[in-house]
Amino acid sequence: MIKYHAETRTFFLHGRTTSYVFRVCPEGDLEHIHYGKRVGEDDFSCLVPASELSFSPVPPGAVRQGFSLNVMAGEYGGYGQGDFRTPSALIARQDGEICSRFVYRGHRFRAPDFGDLPCARGGETLEVELSDLCSNVLLRLYYTVFEEDDVVCRAAEFINAGQSAVTLRRAFSFAVDLEGGDYDVFRLAGRHLAERTPERTDLGHGTLEICSMRGASSHQMNPFGALIARGAGEDEGECYGAELLYSGSFSLRFERGETERVRISGGIDDTNFSWKLEPGERFITPQAALAFSAEGLGGLSRRFHDFLRARVIPKRDVFAPRPIVVNNWEATYFDFTAEKLFALIDEAAQLGVDTFVLDDGWFGKRNSDKSSLGDWTVNEEKLAGGLAPLAERCHRRGLKFGIWFEPEMVSEDSELFRAHPDWAIGKPPRCTGRNQYILDFSRADVSDYLYGRMAEILSRYGVDYVKWDMNRHMTEFFSAALPADRQGELQHRYLLNVYALARRLKKEFPDVFFEGCSGGGGRFDAGMLAFFPQIWTSDDTDAYERAKIQWGTSYAYPMSAMSCHVSVCPNHQTGRTTPFSSRGALASLGATGYELDLCALTGEEKGQVAEQIANYKKIARLVLEGDCYRLSDPFKSNYFAMMTVSKDKSEAYAVGMTALAVPADFSRRIRLKGLDGRGEYLVEELGVKFCGASLMNAGLSMPRLNDFSAWSLHLHRVG
């Protein structure tokens, strides 16, 4: 709900339990008043500090004694008019001056056109138009309120209203200045095979930046961050979160200055960004989703989970039953024949798997990672008869047929590169990664070519499932199709066409299920979730490592977004051996599947596969729709535990794992969360009924287990 009080020129953006309040100050700048627990629609001018800060410049047109932009709590930071904090935009005029101050012109209720960018569905949108006093640029700030989700989405649009070109050298999606306090910054850091590791740091004074300069959101840093009150924890305390609906190079900045306020801002990383705006042209930024929780990081997570499921993940897919997949990659790698795959398909059908996915190696002369990316024609020397017999075998056995693509890449040893060397980003000599270059998706001819090749494969073979991979990040940043003064547009244009291709394919093939991947979790973000309802969480499939990766991922993303597979042991990434049952238990906390040779399993293991699939079908709605609660942190203890609870609190499912067996560990309890405290629950595995309050406040004794052993509990409310 959005309200405007004309007498005080104040905007009130209300969620169910939160309020975001700002006003037009007497000088015309937008002044932030409050973000947090819901408030009344009062005159908050008394909250504006009246004291003057020494040596703070007074901008032209100030009507109040000592007014300074450096003191004011702003909604979007200018540059060069006395605000010495991180500017939200840098606009270069043709004379070379970079200076901006944005003042109010008017407002209306209107949703913007995001073009090919992903954006959240629905909500009520406020557009506030401002003019830059230092250039002929109009700035439109968009605030979209999702009342039920307690989320506010921010975006900015720049319009060149002048007669000469200007260049954007920074164009952040949002900025907000919060009241002072002792805060920590929470982020999800990591690396390949260890993505989204939670990290909490004292903010202190100065600027702390979370960013990627890789052309992708990256394994190393996720486009999510939170500002946390010093005493806040998992279940209590105030937290402010920001999550970008963007999959490219990004920046989120947390800045504590001399006034003790904290400015949070972010959007497209500006390290190698520029965007030329000719007269009349516009540029719109990606959306940023902001959320506030007074119930700690757990409450903040559930805000984002609900928002992503309700507003971002495709409607058609978000709550639909997910495919239970077997992928042949770790079963065969590049060494497969049609006969090997037929055997895997037949075994999958007998065990209850419903989708077979053919991974890398089916095209060109692709017998290793050294060739053929871009040559999306079937290797009939390896697969006699092509893909048709595989697709037919799947469909005849009641399975769906899936296939792997890496559409954004090209091998130097490929027919495509030999025909179009200028289609690769950069100039020779180029870096390689996994023996491949990146195709220049800023070019329409490149994306059109890929559309043609992918659409032909999907339609010809009746493909039901696509795994879309991206196995390297950008190094060189040059497009042969862009003039010199537009090279800074390459990364963003690249991503716009990736989104456009995904949207085009999903529209033409609405029954095909798409899964995202980037060397595992290297592009796991809200932007990709707008097209791919689930993403391969990590290339590390070790159950103990996955417990940590899935724990970290859950801070920003719902269980339903995580693609989680059971793999073979000794694990191919760590060499560790974990119980088959533990691998299944961890994989059940997401979209489940198998990444191994089903034909090589023992009879006992095949029996466990059938049991795991039956269990997953029983708890699938909880994984897709339930509220996630983190119970025991594997980064801080010897134990992992997480649960999901239905919205009506009638059902719950919990999974735990012990890392290393500990002797005489008799008193270890696990306290459940999110249940109906006055209800009574049957714990299926124990055959015992407990009051919800008892399960949450007294807990249950954890079983004594061997190394890397897991347990699971199914709970049903019976009274």
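Here is how the numbers come out for the structure above:
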read-out	value
Wholly within the stretch 329-428, helices (runs of 4 or more DSSP H) carrying at least 3 residues that are touching a Leu at 6+ places or on another chain (Cβ under 8 Å) and hydrophobic (A, V, I, L, M, F, W, C)	338-351
Positions within the stretch 591-612 being under 24 Å from TYR333 (Cα atoms) and under 29 Å from the mean Cα position of the chain (by Cα), in sequence order	ALA591, THR592, GLY593, TYR594, GLU595, LEU596
The stretch 138-157: number of residues that are surrounded by fewer than 23 Cβ atoms within 10 Å (Cβ to Cβ) and closer than 22 Å to LEU277 by Cα	3
Members of the stretch 402-420 found to be in contact with a Pro (Cβ under 9 Å, 6 or more places away or on another chain) and loosely packed, with under 14 Cβ neighbours inside 10 Å, listed by number	none
The stretch 454-504, subset out of contact with any Cys (no Cβ under 9 Å at 6 or more places or on another chain) and aromatic (Phe, Trp, Tyr), residue farthest from GLN220 (Cα to Cα)	TYR461
Cross-chain or 6+ apart pairs with Cβ under 9 Å, the stretch 167-194 first and on the phi > 0 side of the Ramachandran plot and of a type in the set (Asp, Glu), then assigned to a strand (DSSP E or B) and surrounded by 18 or more Cβ atoms within 10 Å (Cβ to Cβ)	none
The stretch 559-577, subset under 17 Å from GLY593 (Cα atoms) and polar (S, T, N, Q), residue surrounded by the fewest Cβ atoms within 10 Å (Cβ to Cβ)	ASN571
Odd one out for THR541 among (1) closer than 30 Å to LYS647 by Cβ; (2) surrounded by 24 or more Cβ atoms within 10 Å (Cβ to Cβ)	(1)
Residue pairs meeting the criteria (Cβ under 6 Å; at least 6 apart or on separate chains; first touching a residue at least 24 places away in the same chain (Cβ under 8 Å), in the stretch 597-615; second among the acidic types (Asp, Glu) and assigned to a helix (DSSP H, G or I))	LEU598/GLU347; CYS599/GLU347
Out of GLY593, GLY584, GLY552, sole residue that is assigned to a helix (DSSP H, G or I), more than 24 Å from ASN706 (Cβ to Cβ) and touching a residue at least 12 places away in the same chain (Cβ under 8 Å)	GLY552
Complete set of residues in the stretch 622-643 that are within 19 Å of LEU300 (Cα to Cα), part of a strand (DSSP E or B), more than 20 Å from the chain's Cα centre (by Cα) and of a type outside the set (A, V, I, L, M, F, W, C)	SER632
Yes/no for PHE292 being within 30 Å of GLN350 (Cα to Cα), in contact with a helix residue (DSSP H, G or I) (Cβ under 9 Å, 6 or more places away or on another chain) and either of a type outside the set (S, T, N, Q) or touching a residue at least 40 places away in the same chain (Cβ under 8 Å) (or both)	no
Count of the stretch 259-288 residues which are more than 26 Å from ARG214 (Cα to Cα) and either in a strand (DSSP E or B) or within 22 Å of the chain's Cα centre (by Cα) (or both)	1
Where SER54 falls short, out of the listed (1) surrounded by 19 or more Cβ atoms within 10 Å (Cβ to Cβ); (2) farther than 17 Å from PHE174 by Cα	(1)
Test: residue in the stretch 509-516 that is acidic (Asp, Glu) and crowded, with 23+ Cβ neighbours inside 10 Å	yes
All positions within the stretch 421-437 that are under 18 Å from LEU495 (Cα atoms) and buried (at least 23 other Cβ atoms within 10 Å of the Cβ)	ALA424, ILE425, TYR437
Which numbered condition GLU685 misses (of (1) within 24 Å of LYS618 (Cα to Cα); (2) surrounded by 15 or more Cβ atoms within 10 Å (Cβ to Cβ))	(2)
Candidates LEU308, LEU387, LEU399, filtered to the one that is at pLDDT 95 or above, within 18 Å of ASP469 (Cβ to Cβ) and crowded, with 20+ Cβ neighbours inside 10 Å	LEU387
When residues of the stretch 611-657 are limited to those that are closer than 29 Å to LEU351 by Cβ and polar (S, T, N, Q), the one surrounded by the most Cβ atoms within 10 Å (Cβ to Cβ)	THR644
Residues satisfying the stated conditions in the stretch 555-581, i.e. farther than 17 Å from PRO323 by Cα, in contact (Cβ under 8 Å) with a residue 40 or more places away in the chain and in a helix (DSSP H, G or I)	SER581
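For (1) outside the structural domain of LYS548 (by TED's automatic domain parsing); (2) within 25 Å of ARG576 (Cα to Cα); (3) part of a loop (DSSP other than H, G, I, E, B), each residue gets a yes or a no:
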position	(1), (2), (3)
ASP648	yes, no, yes
TYR653	yes, no, no
MET657	yes, yes, no
SER667	yes, no, yes
ARG678	yes, no, yes
TYR681	yes, no, no
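The values are calculated or read from the model by the stated rules, or taken from the named source; none is laboratory data. Since the structure is predicted, the reported quantities are computational estimates derived from the model, not experimental observations. Cβ: placed from backbone, ideal geometry, glycine included. Neighbour counts: every protein chain shown.
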